[in-house]
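Visitor: Can you keep this structure in mind? I'll have questions shortly.
The values are calculated or read from the model by the stated rules, or taken from the named source; none is laboratory data. Not measured: the values here are computed from a predicted model. Positions of Cβ are generated from backbone atoms using ideal geometry, with glycine treated the same way; all protein chains shown enter the neighbour counts. The protein model used for the area step is the full one, side chains on, heavy atoms only, and it has no ligands, DNA or RNA in it. Shrake-Rupley method; radii C 1.70, N 1.55, O 1.52, S 1.80 Å.
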Amino acid sequence: MSQRKLSTTHRIGSATVERWYQHHVKRRVLELSGRACPRILGIDEHFFTRKKGYATTFVDLRNHKVFDVVLGRSELSLRQYL
(Lines give C-alpha, C1' and ligand atoms only; values in the text may rest on other atoms or scores of the structure.)
Protein backbone atom coordinates (compact mmCIF):
# COMPACT_ATOMS: atom_id res chain seq x y z
CA MET A 1 0.00 0.00 0.00
CA SER A 2 1.40 3.39 -0.93
CA GLN A 3 2.07 6.29 1.38
CA ARG A 4 -0.43 8.41 -0.53
CA LYS A 5 -3.22 5.85 -0.15
CA LEU A 6 -2.57 5.51 3.60
CA SER A 7 -2.62 9.25 4.12
CA THR A 8 -5.88 9.52 2.16
CA THR A 9 -7.70 6.61 3.79
CA HIS A 10 -6.67 7.55 7.34
CA ARG A 11 -6.84 11.30 6.79
CA ILE A 12 -3.31 11.96 8.05
CA GLY A 13 -0.36 13.68 6.46
CA SER A 14 2.18 11.82 4.37
CA ALA A 15 4.91 12.98 6.77
CA THR A 16 3.09 11.20 9.61
CA VAL A 17 2.89 8.01 7.56
CA GLU A 18 6.64 8.26 6.87
CA ARG A 19 7.46 8.82 10.56
CA TRP A 20 5.36 5.83 11.59
CA TYR A 21 6.99 3.67 8.93
CA GLN A 22 10.51 4.70 9.98
CA HIS A 23 9.64 4.08 13.64
CA HIS A 24 8.32 0.59 12.83
CA VAL A 25 11.42 -0.29 10.78
CA LYS A 26 13.78 0.86 13.56
CA ARG A 27 11.85 -1.13 16.16
CA ARG A 28 11.88 -4.24 13.97
CA VAL A 29 15.63 -3.95 13.37
CA LEU A 30 16.23 -3.70 17.12
CA GLU A 31 14.10 -6.80 17.72
CA LEU A 32 15.98 -8.83 15.15
CA SER A 33 19.50 -7.61 15.89
CA GLY A 34 19.73 -9.27 19.31
CA ARG A 35 18.76 -12.76 18.13
CA ALA A 36 21.10 -15.62 18.86
CA CYS A 37 22.11 -17.84 15.99
CA PRO A 38 20.17 -21.13 15.97
CA ARG A 39 22.02 -24.23 17.19
CA ILE A 40 20.83 -26.25 14.19
CA LEU A 41 21.06 -24.07 11.09
CA GLY A 42 19.88 -25.07 7.63
CA ILE A 43 21.18 -23.24 4.58
CA ASP A 44 19.58 -23.15 1.13
CA GLU A 45 20.20 -21.01 -1.91
CA HIS A 46 17.71 -20.11 -4.59
CA PHE A 47 17.51 -17.89 -7.63
CA PHE A 48 16.04 -14.51 -6.67
CA THR A 49 16.00 -12.24 -9.74
CA ARG A 50 18.12 -11.72 -12.82
CA LYS A 51 19.25 -8.35 -11.54
CA LYS A 52 19.99 -9.40 -7.93
CA GLY A 53 21.07 -12.99 -8.61
CA TYR A 54 20.82 -15.58 -5.85
CA ALA A 55 19.57 -15.41 -2.28
CA THR A 56 20.61 -17.61 0.64
CA THR A 57 18.03 -18.67 3.21
CA PHE A 58 19.08 -19.53 6.75
CA VAL A 59 16.59 -21.71 8.63
CA ASP A 60 16.30 -22.68 12.31
CA LEU A 61 15.76 -26.41 11.86
CA ARG A 62 14.87 -27.04 15.49
CA ASN A 63 11.92 -24.60 15.47
CA HIS A 64 11.14 -24.92 11.74
CA LYS A 65 11.33 -21.16 11.12
CA VAL A 66 13.16 -18.99 8.61
CA PHE A 67 15.97 -17.20 10.44
CA ASP A 68 17.04 -14.81 7.67
CA VAL A 69 17.30 -14.34 3.91
CA VAL A 70 20.40 -12.68 2.46
CA LEU A 71 21.25 -11.76 -1.13
CA GLY A 72 24.18 -13.70 -2.56
CA ARG A 73 25.35 -17.28 -2.41
CA SER A 74 29.14 -17.29 -2.50
CA GLU A 75 31.39 -17.14 0.53
CA LEU A 76 32.68 -13.75 -0.57
CA SER A 77 29.19 -12.23 -0.92
CA LEU A 78 28.04 -13.62 2.47
CA ARG A 79 31.24 -12.80 4.37
CA GLN A 80 30.00 -9.47 5.75
CA TYR A 81 26.75 -11.07 6.96
CA LEU A 82 28.40 -14.06 8.57
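Visitor: Quickly run through the range 70-82 and pick out the residues that are open to solvent by 80 Å² or more (accessible area, probe 1.4 Å) and closer than 15 Å to residue 32 by Cβ.
Guide: 81 - this is the single residue of the range 70-82 that is open to solvent by 80 Å² or more (accessible area, probe 1.4 Å) and closer than 15 Å to residue 32 by Cβ.
Visitor: Quick one: count up the residues across the range 1-29 that are surrounded by 10 or more Cβ atoms within 10 Å (Cβ to Cβ) and not in a helix (DSSP H, G or I).
Guide: Adding up the residues that qualify gives 3.
Visitor: Going by the structure shown, is residue 14 touching a Lys or Arg at 6+ places or on another chain (Cβ under 8 Å), without any contact (Cβ under 8 Å) to a residue 60 or more places away in the chain and among the polar types (S, T, N, Q)?
Guide: So residue 14 fits the description; yes.
Visitor: Could you go through the range 48-60 and let me know if any residue there is touching a helix residue (DSSP H, G or I) at 6+ places or on another chain (Cβ under 7 Å), surrounded by 10 or more Cβ atoms within 10 Å (Cβ to Cβ) and at positive phi.
Guide: No, that holds for no residue.
Visitor: Let me ask you something else. Which condition number in (1) more than 19 Å from the chain's Cα centre (by Cα); (2) in a helix (DSSP H, G or I) is the one that residue 32 fails?
Guide: Unmet for residue 32, out of (1) more than 19 Å from the chain's Cα centre (by Cα); (2) in a helix (DSSP H, G or I): (1).
Visitor: Can you name the residue in the range 38-54 that is in contact (Cβ under 8 Å) with a residue 12 or more places away in the chain and among the hydrophobic types (A, V, I, L, M, F, W, C) and is also nearest to residue 72 (Cα to Cα) among such residues?
Guide: 48
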